[in-house]
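Everything on this sheet refers to the single structure shown next.
The values are calculated or read from the model by the stated rules, or taken from the named source; none is laboratory data. Please read these numbers as outputs of a predicted model, since none were measured by experiment. Cβ placement follows ideal geometry from the backbone for every residue including glycine, while neighbour counts extend to all protein chains displayed.
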Amino acid sequence: METYKGSCHCQAVQFEIETDFPELTTCDCSICIRKNALMVKVHESKMKILSGEESLTTYTFHTHTAQHYFCRVCGIYPFHRKRVAPDYFGVNVHCLDGFDPGNIPIRATDGKGMD
Ligand SMILES: [Zn+2]
């Protein structure tokens, strides 16, 4: 697995993930569709917040299980804790340095259909 660094737009929030990008996901739930999010799923042990934890704030809705993080300075969504698997993060791949989605398969997940 490789290590990738990521950040929000204002650079307050910096993080690092380890992944080999088995797939990327999109989601049609009410929040992901508004964010137009393209994500990779990473276990919490493979995800490290390097700086800016104090700049992160969370938004929750519906069951309040998923934690949607965003930077309170620039408003960018870098990652969220998933509702169906709370020990996993969905990471916004467009926040990763030098990331190229290339030929990684993209799977559309059904968020709208989850009650
Ligand atoms: Zn920021």
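Miscellaneous remarks
- Answer residue from region 1-23, given it is away from the ligand (no atom under 16 Å from the Cβ) and assigned to a loop (DSSP other than H, G, I, E, B) and is surrounded by the fewest Cβ atoms within 10 Å (Cβ to Cβ) among those: D20
- The strands (runs of 3 or more DSSP E) falling completely within region 42-110 that include 3 or more residues that are within 16 Å of the ligand (Cβ to nearest atom) and either touching a residue at least 12 places away in the same chain (Cβ under 8 Å) or among the polar types (S, T, N, Q) (or both) map to 47-51, 56-59, 67-71.
- G52, sole failed condition from (1) within 21 Å of E23 (Cα to Cα); (2) modelled with pLDDT of 95 or more: (1)
- When residues of region 24-41 are limited to those that are assigned to a helix (DSSP H, G or I) and surrounded by fewer than 21 Cβ atoms within 10 Å (Cβ to Cβ), the one farthest from the ligand (Cβ to nearest atom): I33
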